[in-house]
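The values are calculated or read from the model by the stated rules, or taken from the named source; none is laboratory data. Just so you know, these numbers come straight off a predicted model, no measurement behind them. Cβ coordinates were reconstructed from backbone atoms using ideal geometry, including for glycine residues, and neighbour counts include every protein chain displayed.
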Amino acid sequence: MTFEEVVANSQLTPLQIKAIGAILRTNTLTEAAQQIGVNRSTLFRWRSGIPGFEEALTAGRKQLAEEVLTEARATWQAQLLASRSW
């Protein structure tokens, strides 16, 4: 399932969904917690105790990785085509 599908089928609150986005954008849970205005321990609690939170986080990570790979492939292909035109 995509991130959007997992979230749509979950009972996550808007703040929990925002937390997942912050976790995906930052390097640490501390940074993510600061961005959304909660304590870091709240994020740990949500990850282990809120049904669907970890599943949505995993789906978000997979989707993000796929997007990065797609962009990397496109860049690589463009560079390959450019080098062939020399």
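Tabulated data for the structure shown
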{"quantity": "Within segment 34-51, tally of residues that are surrounded by fewer than 13 Cβ atoms within 10 Å (Cβ to Cβ) and not hydroxyl-bearing (Ser, Thr, Tyr)", "calculated": "5"}
{"quantity": "Residues satisfying the stated conditions in segment 31-58, i.e. without any contact (Cβ under 8 Å) to a residue 24 or more places away in the chain, outside any helix (DSSP H, G or I) and among the hydrophobic types (A, V, I, L, M, F, W, C)", "calculated": "Val38"}
{"quantity": "Selection count where residues are more than 24 Å from Glu66 (Cα to Cα) and assigned to a helix (DSSP H, G or I), scope segment 6-30", "calculated": "3"}
{"quantity": "Residue match in segment 22-31 (condition: surrounded by fewer than 17 Cβ atoms within 10 Å (Cβ to Cβ), at pLDDT 95 or above, among the hydroxyl-bearing types (Ser, Thr, Tyr) and more than 15 Å from the chain's Cα centre (by Cα))", "calculated": "yes"}
{"quantity": "Residue satisfying condition, being surrounded by fewer than 12 Cβ atoms within 10 Å (Cβ to Cβ) and within 15 Å of the chain's Cα centre (by Cα), within set Glu54, Glu71, Glu5", "calculated": "Glu5"}
